[in-house]
Every structure is written in C-alpha cells, then in structure tokens.
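First the structure, in the form of structure tokens, and then the observations on it.
The values are calculated or read from the model by the stated rules, or taken from the named source; none is laboratory data. If you're wondering where the values come from, they're calculated on a predicted model, not measured in any experiment. Here the Cβ positions follow ideal geometry from the backbone for every residue, glycine too, while neighbour counts run over all protein chains shown. All accessible areas refer to the heavy atoms of the entire protein, side chains included, with ligands and DNA or RNA removed. Shrake-Rupley method; radii C 1.70, N 1.55, O 1.52, S 1.80 Å.
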Amino acid sequence: MVKQKPPVQKNETIELTFEDLTHEGDGVGKVNGYPLFVPYALPGEKAKVKVIKVKKNFAFGKLLEIENVSAERVEPPCDVYIQCGGCQLQHMSYGLQLDMKQSQVKNALRKIGHIEDIPVHPTIGMDDPWRYRNKVQIPVGYRDGELITGFYRKRSHEIIEGMDRCVITAEINDRMVEAVRRMADRLGITAYDEKAHKGILRHIMVRTGEQTGETMIVIVTRTEQLPHEEELVKELHETYPQIKSIVQNVNKEKTNVILGKKTKVLWGEEYIYDTIGDIKFAISAKSFYQVNPPQTKRLYDKALEYANLTGKETVIDAYCGIGTISLSLAQKAKKVYGVEIVPDAISDAKKNAKINHIENTEFYVGEAEKIMPWWTAQGLRPDVIVVDPPRKGCDEALLEAMLTMKPDRIVYVSCNPSTLARDLRILEEGGYETKQVQPVDMFPQTNHIECVALIELKL
Ligand code: SAH
C-alpha cells in the first residue's frame, strides 16, 4: 500500500475554512479530507492558519488571521482567557456553546454507543452564564517577594500574573481569596515552593453556599503548624461576617492533588450549609458538592422526573456524594440506599438526612462497584437505580450488578458523554433501552458537558 503523505507541512501557512468543532471546542477544517484542529476557530470562519504539529491522520494549527468573522464570535470578558485555559469557550456565543454540547452528546452516543434515533434534547442553559461557581481553589506563590494567587498558566505550574478575578467564579469567592492572601502576606506566612518542597501556604479554597451566603475558607498548608493562626483567623471572621467556617487542611505530600488527608477546624463550624430546592445540605471541606447551584437544581429535577417515582419504590443512588440526589429521591420513594467512596461525604449525607427529617435513607461508605454486587447477593432488588459516576464512568462490576438487579429504570447522570455512551452500550446489550438524554449546562464557558439519560428495561 502506498503511504499517503499528509497534505500539509509543519510551519506552513495555509488558508482554511472551518466546518465543525471538536469536543474540546477547537475549530475543525479540512484539506482534501485531512482534518486540522485549530483552537479558537469557529465553524463558518475562513482564516490563515500556521501548521504547528503534523500527525499521520490529523494536524494542529494556530489561528493567525480571520478573514470572515463568525456571527457567533464574541469578545472574551476575561483578561487572561488565553493564558489560563480554565475556560475554553469564552470566544463563542452562549447559544453556540449550548448547541455544541448537544451535538457532542449526540455524536458520542452514535459513534461510541451506536445509539441513534433517540431524543437528545437541546441543552438546558443558564440565564446568566457567568460568575456561577460556588467554589474556588487557587494556588499561592510569590512575585517580587509578595504573595500572589492565581490559576496556573496552561500546561504549567506558573501562576498567571495579575489575576485578581475569575469571571466564572462567584464574586464573593474572589474577594475572599484576595483577603486571605493580603492578610497572610502581612503576617509573613510563606508560600509553598513546589520545587524545593518548602514554605507553608499551598492553596486557598473558598466555598460559598449560593442560597445561604455562608462561606467556608480552607487554608491548605504543607505543615501542621500555621504560623500566626490566631491573628489570621480572628481578622478574617471579624472582618467578614459571612465566614462561618475556617478550616486548615494539611497536605505534606509532593503532589498535584490539592487537599491532603487531615483537616482541622480553626474557627466556627465544620460545615457550611446550602439549600437545593427545599432540602438543606451541610457541606464539609472534603465533600463533593456540585459547583453550579441553579443548574444543579435543574439537573436533579430532570433526574427525578426520569426516576418517575410514586412513593412505593426502592431506589439505589450510586456515587451519592453528600446525598444530594438521594434526599430528593427519598421524598418520593419508599426507601433510598446511597453509596459513596469518601467517608466524610457519607457522614455529611447521614447528617443531611437527619436535619431534613428524612428517615427512609441508608448510606454506605465504599466502592460502589463492590457494594452493589454485595447488595445483589443480599437479594436487594431496587425498582430504580440512579448513578452519577466521575468522568471515568461506571466500573464493569457495577454495570453487571445493575443487570443482575434488573431495575425497571436506570437514571444515569454523567459528566462525560464518552464514558456514558460506552456504558449505555453495555446496558443495551444487557436488555435495556436508552429512551432520552438531556444535556444540562453545568459549566458554561468551559468544554465540560453534563447530561442525564433515562434507560428502561425492555419488556
Ligand atoms: N451525586 C453526587 C456526587 C456526584 S460526583 C452529587 O450530585 O453531588 C461523583 C461522586 O462519586 C463523588 O462524590 C466521588 O467521591 C464518588 N466516587 C468516586 N469513585 C467512586 C466509587 N468507586 N464508588 C463510590 N463512589 C465513588
């Protein structure tokens, strides 16, 4: 066979018309059928592109000059959009972002799951797709002898200079990070130096309950000791009455993982509270809690609609976190079993059931893929199963357990359409049918896609 040479060469400048977007949000243009991926290019645009990297079946390019600008192109409001890389879609109209996410879900279902001809609804978007994040975790470093905070420059561990706001983070969290940094700097608390594994302050994490306005500050240190702890804590909560909890997390490891094992309350409560609908949640430092509250409500409402409960059902909520979905389900079911790997999240879930006077739930700590087969062996046969796994999707043992339990319905909440599609294929082969999928935009301005799928047992 004659080996076809790629039609472009490295460093060459070419003219390209864009027809599509990758799932990362890069523009896709073709030269004789050979695709080039170009960040920040939009479908319909024609542009001069420099070829950066050439592979056998595709190449990457850099946008040099746009000849006809798409009507969907908008000015990114963030000053450090390109350097940061935390957002990937700020140059796109919000309408195009929502359309893109709907087509990504459709494509993944078709290509990976071989599932077509089912409704993938238009993405449910936000009315105001900015300043939505209720949590921020920011690294601390130095510049000219002063403490600085800011996200890392794309693919590096270098803090972006002069970054004092993040347009997708709740404003209060930006202000809190700045306050902690300013006080720590004045008190002479040193920043952690990754290379030397010396210094103290690694990260500042802030989470604020959207409905309650309660703020938790988590100060992540390399050392057990936090110098000037008393002064820092006193000044913080006296200056900012919305702070309800100040926690220190100790992370002694040489690692990219932000939080270490040990947390200690320095002041106030171990939790902050927030509400979703009519349920109140206690959230501790290490527990997962969805970052976009208004969209979370929409996502859970859809999951609940798909669960279609009448009050008689037994339900499993796998990967339940602090029990957010479990407790919504419990209000409409006979019994809900939740399972989750993080022990702190399960103690939050139990506490949450109690403070909401919900008595028909049981929560278990463990790997869902181990607990579910164990439940199966015990004879547990739920009517409905809800799963909400991390990006890597469901473990095979868990999918098998579901096929053995044979619930009438499975509601699959997913933050990764590719693993969702892979798992749906397995469920379809095991006798289930995917009925409909609803994308919900939990992460505007970024290429992350969340959706919820309804799967039913075939008769
Ligand atoms: N349903 C919850 C949490 C979803 S995030 C909510 O909406 O808030 C996914 C959760 O799965 C996290 O809390 C994570 O700690 C948990 N998790 C990850 N791997 C797991 C496993 N193997 N078994 C059980 N839970 C796991």
**Message:** Distances longer than 25 Å among the Cα atoms of the stretch 135-276: what percent of all pairs is that?
**Reply:** 21
**Asked** In the stretch 97-201, which GluC sites (Glu not before Pro) fall in coil by DSSP and have 10 or fewer other Cβ atoms within 10 Å?
**Response** Glu116
**Item:** Too-long pairs where the Cα-Cα distance tops 31 Å, listed order kept, from Lys56/Lys370; Lys50/Lys198; Lys30/Lys297; Lys62/Lys297; Lys5/Lys62
**Value:** Lys56/Lys370; Lys50/Lys198; Lys30/Lys297; Lys62/Lys297
**Request:** Determine which aspartates and glutamates satisfy two conditions relative to Lys53: a Cα distance under 18 Å, and not lying fewer than 8 residues away in the same chain.
**Result:** Glu12, Glu15, Glu24, Asp26
**Prompt:** Got a sec to turn the phi values of the stretch 5-10 into Karplus ³J(HN,Hα) couplings, 6.51 cos²θ - 1.76 cosθ + 1.60 with θ = phi - 60°, whole Hz, x for Gly and Pro?
**Reply:** 7, x, x, 10, 10, 4
**Complete:** With -39,500 (n - 2.57) per DSSP H segment of 4 or more residues and division by the full residue count of the chain, the 222 nm estimate, nearest 500 deg cm²/dmol, is -8000 deg cm²/dmol
**Message:** Checking the cross-link filter: which lysines have an alpha carbon closer than 20 Å to that of Lys234, excluding same-chain neighbours under 8 positions apart?
**Reply:** Lys244, Lys264
**Complete:** Per residue, accessible area of the chain with a 1.4 Å probe, heavy atoms of protein chains only, in Å², comes to 47
**For the stretch 104-217, the fraction of alpha-carbon pairs in successive 5 Å shells from zero, as %** = 2, 10, 17, 16, 13, 10, 9, 8, 7, 5, 3, 1, 0
**Message:** I need the fraction of alpha carbon pairs in the chain separated by more than 27 Å, rounded to a whole percent.
**Reply:** 60
**Fill in**
Of every hundred units of 1.4 Å-probe accessible area on the chain, the number belonging to carbon and sulfur atoms, as a percent, is 49
**Fill in**
For the stretch 190-258, shape from the Cα gyration tensor axes a ≥ b ≥ c, cut at a/c of 1.5 then a/b versus b/c, turns out oblate
**Asked** Which trypsin sites (Lys or Arg not before Pro) in the stretch 42-104 pass both tests, a DSSP loop state and at most 16 other beta-carbon atoms within 10 Å?
**Response** Lys55, Lys56
**Proximal lysines to Lys111, defined as alpha-carbon separation beneath 16 angstrom and excluding residues fewer than eight positions away on the same chain** = Lys101
**Asked** Each residue of the stretch 99-106 in turn: what ³J(HN,Hα) in whole Hz from Karplus with 6.51, -1.76, 1.60 and θ = phi - 60°, glycine and Pro shown as x?
**Response** 4, 4, 5, 4, 5, 4, 5, 4
